[in-house]
Amino acid sequence: MTIDVTAERVIPLPPERVAAYAMDWRHDADWTQGIRTAELTAEADGGGFGTGAQVTRTAYFLGRRIDYVLRVAAYDPPRLLDMVSVAGPMPMHVTYTFESHPRGTHARIRVRGGEGGFYRLAAPLLARRVRADLAKDLRDLEARLMAQG
């Protein structure tokens with residue numbers, strides 16, 4: 001069984017503002033469930049963050065520490081950030097999209113992947129937990145941005 005989970009939320013701010021915060025790896029631990037640290041470990045071909053860059057994250061999920069590396073497969077701010085795992089306990093594909101909406105920004109996070117090792121045994125729980133975490137991520141993203149004024 002593979003995972004394919006999506007969470008969506010309309011955030012009452014312009015896409016450029018929402019995406020600028022959400023696509024900045026330096027904010028990952030501030031609004032993304034379980035992430036304790038994020039570090040840019042390889043720059044994009046042209047330098048900095050963009051297609052080809054790699055971000056190493058340390059997270060805790062289901063009581064276990066997970067270290068994984070995501071490579072930026074596509075980067076088109078403020079519309080799209082697409083990342084694929086290149087190291088970690090399971091294959092993972094994470095896509096963030098931000099589109100204009102009459103009430104602000106339609107934000108969407110999609111996580112796809114296969115379960116490896118321990119996670120294969122916990123597949124049904126894993127999908128439910130990922131869905132709940134993604135929904136909370138988007139609520140936390142909105143709350144942080146709204147608090148900034």
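Looking only at the stretch 57-72, count every residue that is touching a residue at least 12 places away in the same chain (Cβ under 8 Å), loosely packed, with under 15 Cβ neighbours inside 10 Å and of a type outside the set (D, E) and tell me the total.
Of all residues in the stretch 57-72, those touching a residue at least 12 places away in the same chain (Cβ under 8 Å) come to 57-62, 64, 66-72.
Okay, now just the ones that are also loosely packed, with under 15 Cβ neighbours inside 10 Å, so 60, 62, 64, 67.
Retained after the next criterion (residues that are of a type outside the set (D, E)): 60, 62, 64.
Total satisfying the criteria: 3.
With the structure loaded, tell me whether V86 is hydrophobic (A, V, I, L, M, F, W, C), under 26 Å from P15 (Cβ atoms) and either open to solvent by 20 Å² or more (accessible area, probe 1.4 Å) or at pLDDT 90 or above (or both) or whether it fails that test. Spell out how you get there, then give the answer.
Working: hydrophobic (A, V, I, L, M, F, W, C): yes; under 26 Å from P15 (Cβ atoms): no; either open to solvent by 20 Å² or more (accessible area, probe 1.4 Å) or at pLDDT 90 or above (or both): yes.
No; evaluated as a whole, the condition is false for this residue.
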**OP:** Please work out which one of (1) at pLDDT 95 or above; (2) more than 14 Å from the chain's Cα centre (by Cα) is the condition T56 fails and give its number.
**Re:** (2)
Subject >> Residues located in the stretch 16-56, provided they are open to solvent by less than 40 Å² (accessible area, probe 1.4 Å), out of contact with any Asp or Glu (no Cβ under 8 Å at 6 or more places or on another chain) and touching a residue at least 60 places away in the same chain (Cβ under 8 Å) >> reply: V18, A19, Y21, A22, M23
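Could you check, for the stretch 11-26, whether at least one of its residues is over 20 Å from L126 (Cα atoms), modelled with pLDDT of 95 or more, of a type in the set (S, T, Y) and part of a strand (DSSP E or B)?
Applying the first criterion (over 20 Å from L126 (Cα atoms)) to the stretch 11-26 yields 11-26.
If we keep only those that are modelled with pLDDT of 95 or more as well, we get 11-26.
So of that shortlist, the ones also of a type in the set (S, T, Y) come out as 21.
Filter once more, keeping what is part of a strand (DSSP E or B): none.
Checked against the condition, which is being over 20 Å from L126 (Cα atoms), modelled with pLDDT of 95 or more, of a type in the set (S, T, Y) and part of a strand (DSSP E or B), the stretch 11-26 yields no hits at all.
The values are calculated or read from the model by the stated rules, or taken from the named source; none is laboratory data. As the structure is a computational prediction, the values presented were derived from the model and not from experiment. A quick note on method: Cβ atoms are made from the backbone with ideal geometry, for glycine too, and the neighbour counts reach across all protein chains shown. Protein only, heavy atoms only, side chains kept; ligands, DNA and RNA dropped before computing areas. Shrake-Rupley method; radii C 1.70, N 1.55, O 1.52, S 1.80 Å.
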